[in-house]
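What follows draws every value from the coordinates through simple rules; no lab data is involved. Computed from a predicted structure; not experimentally measured. Cβ atoms come from the backbone with ideal geometry, glycine included; neighbour counts cover every protein chain shown.
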Amino acid sequence: MPRIIATDRDGSVKEFDADPGMTLMEALRDTAGLDIAAICGGSCSCATCHVYIPAHWAEHLPAQQADEVELIEFLPAYRDTSRLSCQIEITDALAGLEVELAPED
Ligand code: FES
């Protein structure tokens, strides 16, 4: 199971092992117990699963689809490294992934 290194909004860091096949949102919320609202349940319509992922991980992530881009680029806390964690499936290629929870908008 790939190990994920998550930085919470208070700066605390939590390392945990995530099940391949889950989404990153589910892993952060259900496995790590972090405060991810995920109001839409992962259907890419709420942006309450907003995270930052360092640019050097981009090649290992699924490409952003148009609906994710449209939703995320207008968030007040948007950065170039913003992603919606419900749109990222955990795979073994993500072992060691660093992710930071974005502020709640
Ligand atoms: S959980 Fe709603 S957009 Fe990701």
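Quick look at the values:
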read-out: Within the chain, helix-based [θ] at 222 nm, where runs of 4 or more DSSP H residues each add -39,500 (n - 2.57), nearest 500; value: -1500 deg cm²/dmol
read-out: Karplus 3J(HN,Hα) series, Hz, for segment 82-98 with 6.51 cos²θ - 1.76 cosθ + 1.60 (x for Gly, Pro); value: 5, 9, 8, 5, 6, 9, 10, 8, 5, 9, 4, 5, 9, 4, x, 4, 9
read-out: Mean Cα-pair separation over length for segment 3-101, i.e. relative contact order, pairs under 8 Å, 6 or more apart, %; value: 42 percent
read-out: Global geometry of segment 65-105, whether rounded, prolate or oblate, following the gyration tensor of its Cα atoms and the 1.5 cut on a/c; value: oblate
read-out: Longest DSSP-loop-exposure-free segment, chymotrypsin sites (Phe, Trp or Tyr not before Pro), the chain, at most 16 other Cβ within 10 Å; value: 1-73
read-out: Contour excess over end-to-end distance, with Cα ends at A63 and R79 and 0.36 nm allotted per residue; value: 4.1 nm
read-out: Whole-Hz couplings from phi, Karplus 6.51/-1.76/1.60, listed for segment 64-81; x for Gly and Pro; value: 6, 8, 4, 5, 5, 4, 4, 7, 7, 6, 9, 5, x, 9, 4, 9, 4, 9
read-out: Sparsely packed GluC sites (Glu not before Pro) within segment 14-105, loop by DSSP, other Cβ within 10 Å at most 14; value: E73, E104
read-out: At 1.306 mPa s and 10 °C, Stokes diffusion of segment 3-101 via Kirkwood alpha-carbon radius, µm² per second; value: 120 µm²/s
read-out: Choice from P76, P20, P54 with maximal GNM fluctuation in the chain (Cα, 10 Å cutoff); value: P76
